[in-house]
1. Could you list, in sequence order, the residues of segment 232-251 that are in contact (Cβ under 8 Å) with a residue 24 or more places away in the chain and more than 29 Å from Asp325 (Cβ to Cβ)?
2. Against the definition (more than 28 Å from Arg178 (Cβ to Cβ), at pLDDT 85 or above, of a type in the set (S, T, N, Q) and surrounded by fewer than 24 Cβ atoms within 10 Å (Cβ to Cβ)), how does Thr121 come out, yes or no?
3. Somewhere in segment 289-296, is a residue touching a Gly at 6+ places or on another chain (Cβ under 6 Å), within 25 Å of Gly117 (Cα to Cα) and of a type in the set (Val, Ile, Thr)?
4. Somewhere in segment 201-218, is a residue crowded, with 23+ Cβ neighbours inside 10 Å, touching a strand residue (DSSP E or B) at 6+ places or on another chain (Cβ under 6 Å), not aliphatic (A, V, I, L, M) and not in a helix (DSSP H, G or I)?
5. Please state which one of Leu172, Leu165 is within 22 Å of the chain's Cα centre (by Cα) and among the hydrophobic types (A, V, I, L, M, F, W, C).
6. Note down all Cβ pairs under 7 Å where the first residue falls in segment 270-286 and is closer than 12 Å to Tyr260 by Cβ and in contact (Cβ under 8 Å) with a residue 12 or more places away in the chain, the second is among the basic types (Lys, Arg) and open to solvent by 40 Å² or more (accessible area, probe 1.4 Å), and they're at least six residues apart or on different chains.
7. Search segment 164-191 for residues that are assigned to a loop (DSSP other than H, G, I, E, B) and pair each with any residue that is open to solvent by less than 10 Å² (accessible area, probe 1.4 Å) when their beta-carbon atoms are under 7 Å apart and the residues are at least 6 apart or on different chains.
8. Output the number of residues of segment 153-167 satisfying the condition of being more than 23 Å from Tyr193 (Cβ to Cβ), of a type in the set (A, V, I, L, M) and either at pLDDT 95 or above or open to solvent by less than 80 Å² (accessible area, probe 1.4 Å) (or both).
Amino acid sequence: ATNAAASLNRVTDSAGTTSTTPGWGLVSPNAVVRSCGSTWNTDRHLATLVPRGTLRAIRSRGGAPRYSEVVSPTTPRILAVANQKGGVGKTTAVVNLSASIAALGHRVLVIDLDPQGNASTGLGIDIRTLEHSVYDVLLHDIPIEDAVQSSSVANLFVVPANLDLAGAEIELVPAMGRETRLRRAVERVASDYAYVFIDCPPSLGLLTVNALTAAHEVLVPVQCEYYALEGLAQLLRNIELVNQNLNPTLQVSTILCQMYDSRTKLSAEVVADVRGHFGAKVLHTVIPRTVRIAEAPSFGKPVVVLDPSSVGAQAYRAAAKEVVDGRA
């Protein structure tokens, strides 16, 4: 065990230099990765650590070793996923986009700010047995790192929520610095992750204000149905208020159209309408309405893990790649 641990913490480059610097990510045995002209060789039999969030090694399958380079943002991207209209798939988007980005080799944190805790359960967290949750972080000043839990997906971590959070809106009213409590907590750990997704409740209360104050960007899921744009004007006004008074860097960066039904003209008309309003902020990828996406939460897994070859999983992976590549 000692030898294995030593090997797992060793990265050797082509010149024979060994590094034991902390903050490295696990890659496959017998692989070669390259970055900035330097070649890195992993152990022939054991998994090895390389710079976390920077490279994703691909195991050689005979012949020349293959490698893939994954470049993380220089500063963490913190995205609040918000839309006060319920039933638009905010949590589904958070769970599957975060899992898809984690699968690309990036270290991702999901903060569940919805008292229903669906993002937590959708990533395999048992919210009935939590020692600490996001409620304790916001109201009891528990360090956020004490609430972070590993999810069912590699590279993906969760600050879970449960029903304790239901009373937080009222309890936050007399609290000092009530709008910035989440931001102060996230600042403690943001540098440990490439992406942070905050799943907002379907309201414009103090929990959502905390998310918008902590975030750099807003991702707005839009349902491809008649009332898609209903309430968006109010959301944008609130975002503008937060931008003016609490978070001058906040911007709406991404619009994601979901629940697209190719059998109806209405879905196509809604997507065209959204693109007309928001232009390049709307992702090219639209997420279809599928049974597999709806079933996935009951298994405690994202659809991209439960059924990677399904149409819905492929759509979420494509949308995640657009987010990572800076398409929106």
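The values are calculated or read from the model by the stated rules, or taken from the named source; none is laboratory data. Note that the coordinates shown come from a computational prediction; the quantities given were computed from them, not determined experimentally. Reconstructed Cβ throughout: ideal geometry from the backbone, glycine too, with neighbour counts over all protein chains shown. All accessible areas refer to the heavy atoms of the entire protein, side chains included, with ligands and DNA or RNA removed. Shrake-Rupley method; radii C 1.70, N 1.55, O 1.52, S 1.80 Å.
1. Gln234, Leu246
2. The answer is no for Thr121.
3. Yes: segment 289-296 contains one or more residues that are touching a Gly at 6+ places or on another chain (Cβ under 6 Å), within 25 Å of Gly117 (Cα to Cα) and of a type in the set (Val, Ile, Thr).
4. Checking segment 201-218: not a single residue is crowded, with 23+ Cβ neighbours inside 10 Å, touching a strand residue (DSSP E or B) at 6+ places or on another chain (Cβ under 6 Å), not aliphatic (A, V, I, L, M) and not in a helix (DSSP H, G or I).
5. Step by step, each of Leu172, Leu165 is checked, and only Leu165 is within 22 Å of the chain's Cα centre (by Cα) and among the hydrophobic types (A, V, I, L, M, F, W, C).
6. From segment 270-286, the pairs are Leu283/Arg327.
7. Close Cβ pairs (under 7 Å, with a partner that is open to solvent by less than 10 Å² (accessible area, probe 1.4 Å)) amount to Arg178/Leu172; Glu179/Asn210; Glu179/Thr213; Thr180/Thr213.
8. Count: 1.
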